[in-house]
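Contents: one structure, followed by commentary.
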Number of protein chains: 2
Amino acid sequence: MPKEIYLDNAATTPCDPKVLKEMGPFFGEIYGNPSSFNDSGRKARKALEDAREKIARILGAKNQEVIFTSSATEANNLAIFGIIKTSKGIVAQPQVITTKIEHHSVLEPIKKLEEYGAKINYLSVNKEGLIDLNEFKKVLTPETILISIIYANNEIGSLQPIKKLAKIIKEFKKDSEYPYFHTDASQAASHLDLKVNNLGVDLMTLSSHKIYGPKGVAALYIKRGTKIEPIIYGGGQEFGLRSATETVPLIVGFAKALEITNSKRQITNNIQEKLREHFINELKKNFSSVKINGPENPKDRVPHIINLTFPGIENEQLLLQLDKRGIWASAGSACTSHEIEPSHVLTAIGLSKEASRSSIRFSLGRQTTKTGLDYVLKILPKVVKKIEKLYPKNLKKHYYAR
Amino acid sequence: MPKEIYLDNAATTPCDPKVLKEMGPFFGEIYGNPSSFNDSGRKARKALEDAREKIARILGAKNQEVIFTSSATEANNLAIFGIIKTSKGIVAQPQVITTKIEHHSVLEPIKKLEEYGAKINYLSVNKEGLIDLNEFKKVLTPETILISIIYANNEIGSLQPIKKLAKIIKEFKKDSEYPYFHTDASQAASHLDLKVNNLGVDLMTLSSHKIYGPKGVAALYIKRGTKIEPIIYGGGQEFGLRSATETVPLIVGFAKALEITNSKRQITNNIQEKLREHFINELKKNFSSVKINGPENPKDRVPHIINLTFPGIENEQLLLQLDKRGIWASAGSACTSHEIEPSHVLTAIGLSKEASRSSIRFSLGRQTTKTGLDYVLKILPKVVKKIEKLYPKNLKKHYYAR
């Protein structure tokens, strides 16, 4: 039995050793404050700006269009609150368009906007987790200030048609500056094109710890000329948009991580697509009843997320049994794993509460091997049988009570 | 000549090697997401909660009263916006009391509150940078929602009478929950008592990178029962008050750094008080005209900040000449070093624009030695003479133009 098989890469990824190496000096000898007017500060400042340029180049953006934040959550909050703040006095009631399957770091700030009086259109998705462009066109109005739509969903891996959306928005807005188009690309960055001009977005969130970089750093791409206000005020760092002493070591690591991810993207996609296909085909041989959630067509999804429903099996029990055997998977998104409620994403694609609570997510990483997955395939039938013995088909009371 | 003499410890401190060692495993094998329902997640969760407990113990607080943020700036913003949000509908016009010498991460969010319609009382300070308790009593009203007063000032090191303020506030508010009392203790943590019950504060900001911990992490102490709302929304981490995947390595490092700082506090104070005295006494022998900014009485200041005015000498020139010789000092606070405006703190204690622009800050650290300071004492007269030759007494045009 292997020591550990980590299949929770959609929640977070281990740091790439090359990233750790890159960060090293900035935890050591190069410790200055980038805002300090001395050599220690200038060295830190240079590293910071070099990292910004690396990332900007990969996005096909200008350096000043890359704003570093402490997390994708903060970047999403900055995009949403930052844009809406600028609409004061421009429309009576700002309108926002989003989807029912956004990450909590988009849904929660948008809920707040709703409390503050904004009108929100939550686009529904089909059973594969894809929005309908015609529904989108219907809700697009001159009062629409912001559109925030996730690029790749973190629970089921479905991709939204960002380029097509951008085209529709561009034609609609003509010379007006609103609505602005934001996408959370945290889960997409490891697998998809990030060139902002190809995508046509005004704002885009990137996360470091989803691409083998350190936790505690992320970025928001903000197209030049976009009207936006900060959510954190102070010393005026990050072009006045995000105050705080810059976390140079993490920013340097993030840039390195994105560089590596970008160079390995195509090969990673090919490997993971094959691994996924193998895993699902083999799985189906043992489980006639297992259901695969999310799009089937590779064009409509990222390859690393495999979301499965095992009818009648509590995901909590399944995770526990796998965990005991060194297999680390997850249920829904990491942020929501303490919730009693079933996943809002699985509900949105039509799963019942029970089905949602019988679903788990295996997310592959660059370190995932066929051997590892074969071990999981060997273990799964055993643990499922064990759970079926331990518990009756219908979900246990204690599950709801936890 | 020594390689480098870092005297900008008030801007940021190098990581303590013990802190780096403590963080190591969490950049490596322990990489899970603390919210993930598997062993990798549980290991990360345990490290996170152990770090929280370490810090809580040092503050004499409950674990749930310690909220991790990405920076002291974010912690200050959370305290200020988070408290004011809760006052909606409680008072017609919320009032805030602060000082003229707060850090930008307090002044800027408070400026925003002013734009939103809050009434702000900016307490003035005397020539030593100390507020007047009677002036404070005069502006304290039933509409006062928040009081935010810095513990130790980052530019001149002056201490405000936090305990006395807390006593006055407690007597004033009786059974009412407002006003809440917040202090930014970022610059104080390395030298002063942090027991929240002794201080009597409701909220207190701590910064990791000012106490030989990593950049990118800080904490806000929030007394149990305090009414506060988040400023960043999402997965609901940090007891719902600060969403985002927790930066476990940095949090672990921060806790270790505070532990070390706490254990070394008394000896550090004694050493730095002696070094300061030596430095100033020797300095006066060479510079009859040099002025020491900030309190003289050790009871009214932290020992590590030495703010000096060299009449007629541009601080930019002085820093440049020192920098060339491996001496790293600073002007004002790091965050403001790109500003054209003179320091708001030095202005508040009565310095003219010219005097302010002739002032520099040497801030001592645990790594500062008498040898290092003696080298600075040897170099200073030379570089000052050089600048006096290079430039006329009155400040250069280009200086205002930069």
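Within the stretch B:254-261, does at least one residue satisfy the condition of being surrounded by 24 or more Cβ atoms within 10 Å (Cβ to Cβ), at the interface with chain A (Cβ under 9 Å from one of its Cβ atoms) and either over 30 Å from A:LYS111 (Cβ atoms) or touching a His at 6+ places or on another chain (Cβ under 6 Å) (or both)? No, every residue in the stretch B:254-261 fails to be surrounded by 24 or more Cβ atoms within 10 Å (Cβ to Cβ), at the interface with chain A (Cβ under 9 Å from one of its Cβ atoms) and either over 30 Å from A:LYS111 (Cβ atoms) or touching a His at 6+ places or on another chain (Cβ under 6 Å) (or both). Out of B:ILE90, B:ILE67, B:ILE58, one residue alone is out of contact with any Pro (no Cβ under 9 Å at 6 or more places or on another chain), surrounded by fewer than 23 Cβ atoms within 10 Å (Cβ to Cβ), within 16 Å of B:THR226 (Cβ to Cβ) and touching a residue at least 12 places away in the same chain (Cβ under 8 Å). It is B:ILE90. Regarding B:ARG52, is this residue touching a residue at least 40 places away in the same chain (Cβ under 8 Å) and either more than 9 Å from chain A (Cβ to nearest Cβ) or touching a His at 6+ places or on another chain (Cβ under 8 Å) (or both)? Yes: the conditions hold for B:ARG52. On the stretch given as the stretch B:275-295, residues that are open to solvent by 40 Å² or more (accessible area, probe 1.4 Å) and either outside any helix (DSSP H, G or I) or closer than 27 Å to B:VAL125 by Cβ (or both) total 7. Scanning the stretch A:38-67 for residues that are assigned to a helix (DSSP H, G or I), closer than 16 Å to A:LEU203 by Cβ and among the small types (Gly, Ala, Ser) turns up just one, A:ALA56.
Exactly one residue out of B:ALA72, B:ALA92, B:ALA79, B:ALA152 is in contact with a helix residue (DSSP H, G or I) (Cβ under 7 Å, 6 or more places away or on another chain) and of a type in the set (Gly, Ala, Ser): that is B:ALA72. The single condition among (1) at pLDDT 95 or above; (2) open to solvent by less than 10 Å² (accessible area, probe 1.4 Å); (3) among the polar types (S, T, N, Q) that A:SER35 does not satisfy is (1). Would you mind stating whether A:ARG52 is surrounded by 18 or more Cβ atoms within 10 Å (Cβ to Cβ) and of a type in the set (Lys, Arg)? Against the criterion (surrounded by 18 or more Cβ atoms within 10 Å (Cβ to Cβ) and of a type in the set (Lys, Arg)), A:ARG52 qualifies.
For the stretch B:88-117, the set of residues classified as more than 24 Å from the chain's Cα centre (by Cα), within 14 Å of another protein chain (Cβ to nearest Cβ) and under 20 Å from B:GLU177 (Cβ atoms) consists of B:LYS88, B:GLY89, listed by residue number. Return the pairs, sorted by first residue and then second, in which the second residue is assigned to a helix (DSSP H, G or I), the first residue lies in the stretch B:265-290 and is among the aromatic types (Phe, Trp, Tyr), the beta carbons are less than 9 Å apart, and the residues are 6+ apart or on different chains. Partner pairs satisfying both residue conditions: B:PHE279/B:LYS370; B:PHE279/B:LEU373; B:PHE279/B:ASP374; B:PHE279/B:VAL376; B:PHE279/B:LEU377; B:PHE287/B:LEU380; B:PHE287/B:PRO381; B:PHE287/B:VAL384. Within the span defined as the stretch B:233-241, one or more residues are at the interface with chain A (Cβ under 10 Å from one of its Cβ atoms) and either under 23 Å from the mean Cα position of the chain (by Cα) or in contact (Cβ under 8 Å) with a residue 60 or more places away in the chain (or both). In this structure, B:ILE30 qualifies as within 11 Å of chain A (Cβ to nearest Cβ), open to solvent by 10 Å² or more (accessible area, probe 1.4 Å), among the hydrophobic types (A, V, I, L, M, F, W, C) and not in a helix (DSSP H, G or I). Considering B:SER243, B:SER289, which residue is farther than 22 Å from B:ILE162 by Cα, of a type in the set (Gly, Ala, Ser), at pLDDT 95 or above and in contact with a Phe, Trp or Tyr (Cβ under 9 Å, 6 or more places away or on another chain)? Being farther than 22 Å from B:ILE162 by Cα, of a type in the set (Gly, Ala, Ser), at pLDDT 95 or above and in contact with a Phe, Trp or Tyr (Cβ under 9 Å, 6 or more places away or on another chain) holds for just one of B:SER243, B:SER289, which is B:SER243.
Tell me, please, whether a residue that is acidic (Asp, Glu) and touching a residue at least 40 places away in the same chain (Cβ under 8 Å) can be found in the stretch A:247-259.
Within the stretch A:247-259 (the criterion being acidic (Asp, Glu) and touching a residue at least 40 places away in the same chain (Cβ under 8 Å)), the answer is yes, since at least one residue qualifies.
Among the conditions (1) open to solvent by 20 Å² or more (accessible area, probe 1.4 Å); (2) within 7 Å of another protein chain (Cβ to nearest Cβ); (3) at pLDDT below 95, the only one that B:CYS15 does not satisfy is (3). Return yes when A:LYS85 is open to solvent by 30 Å² or more (accessible area, probe 1.4 Å), under 21 Å from A:GLY240 (Cα atoms) and within 14 Å of another protein chain (Cβ to nearest Cβ) and no when it is not. Against the criterion (open to solvent by 30 Å² or more (accessible area, probe 1.4 Å), under 21 Å from A:GLY240 (Cα atoms) and within 14 Å of another protein chain (Cβ to nearest Cβ)), A:LYS85 qualifies.
The values are calculated or read from the model by the stated rules, or taken from the named source; none is laboratory data. Keep in mind that what you see is a predicted model, and the values were worked out from it rather than measured. Neighbour counts are summed over all protein chains in view; Cβ atoms, including those assigned to glycine, are modelled from backbone coordinates with ideal geometry. For the accessible areas, the whole protein counts, side chains as well, though only heavy atoms, and no ligand, DNA or RNA atoms are used. Shrake-Rupley method; radii C 1.70, N 1.55, O 1.52, S 1.80 Å.
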